[in-house]
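Structure first, commentary second.
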Amino acid sequence: MRGVLPGRGCRFGSALRGEWIELPRTERSQEMFKGVFEATLDDKNRVVLPAKFRNRLPDGMKLEDGFTLTRGRGGRYLELHPTPKWEADLRRKNSQWQEHDEIADTVEAFLRLYCGGAVDVELDKSFRFVIPELERKDAHIEKEVVFVGVIDKIELWSKFRFEAWREAHGHQLAAPRLPTKPAVPTGGEVVRGEA
């Protein structure tokens, strides 16, 4: 029998011939949330986390570790993050931001709104979680919820808002380009405004 399981240290070779080559453990590729799924809130404002997302948690995370629910960009949707990853990422970004005094007020305001509005979410035995009333109202989620997997987070949209966003932006399937630095003259070149 031959085979290698990616992401695990293992032996490769043939048990029948007694030949084995030890391969070191390699880092498994980071799991990624992707896909669009629709769900319905029950009478207690609970919704079931889709199985596709439950099965794609970041390395080492368990469902029992919980999730953090925050407001998304512009308040149009909510974001569901695996709590350990969300906290680690936010700490890393905050330490980078602290190195730049010129953005201290912006960072402080962002963290106050983003972290202040964050809610811990736990799944019950049926993989349901409650969307708190304030967050639900902010995102205009009434009964129908659309889950959108976006790499390391899950967006929760009201069905109406997601369909409107998709109608307005669905045709723009082009990867964003990073801004380019303006060309710096190296000497002897004519720059606009100069003669």
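Every number here is computed from the coordinates shown, using simple stated rules; none is lab data. None of the values given here were measured: they were computed from a predicted structure. Neighbour counts run over all protein chains shown; Cβ positions are idealised from the backbone, glycine included.
Looking at region 25-131, which GluC sites (Glu not before Pro) are in a loop (DSSP not H, G, I, E or B) and have at most 13 other Cβ atoms within 10 Å?
On the way: sites: Glu27, Glu31, Glu38, Glu64, Glu79, Glu87, Glu99, Glu102, Glu108, Glu122; in loops: Glu27, Glu31, Glu99, Glu122.
Loop-located and lightly packed - Glu27, Glu99, Glu122.
Cβ crowding within 10 Å ranks Lys34, Lys125, Lys153, Lys62 as Lys125, Lys62, Lys34, Lys153, fewest other Cβ atoms first. Annotation: extensible slack from Lys44 through Lys125 equals 27.6 nm (criterion: 0.36 nm per residue apart, minus Cα-Cα distance).
Pairs of alpha-carbon atoms within less than 8 angstrom and 6+ residues apart define the contacts here; what relative contact order does region 33-168 have, in percent? Walk me through the intermediate numbers first.
Working: 200 pairs, mean separation 53.4, N = 136.
Reported relative contact order: 39 percent.
Pairs with C-alpha atoms separated by more than 25 Å, drawn from the list Lys93/Lys153; Lys62/Lys137; Lys52/Lys85; Lys34/Lys159, are Lys62/Lys137.
Hey, fewest Cβ within 10 Å first, where do Leu78, Leu123, Leu113, Leu49 land in order?
Numbers: Leu78 25, Leu123 16, Leu113 13, Leu49 20.
Exposure proxy ranking, most exposed first: Leu113, Leu123, Leu49, Leu78.
Here the gap between Val150 and Asp89, fully extended at 0.36 nm per residue and compared with their Cα-Cα distance, gives a gain of 20.4 nm. Estimated from the Cβ-Cβ distance and a Förster radius of 35 angstrom, the FRET efficiency linking Gln98 and Arg56 is about 0.65.
Considering only the other residues whose Cβ falls under 10 Å of the Cβ of Gly149, what net charge follows from Lys and Arg at +1 and Asp and Glu at -1?
Values: positive: Lys34, Lys52, Arg56, Lys153; negative: Asp152, Glu155.
With Lys, Arg at +1 and Asp, Glu at -1, the net is +2.
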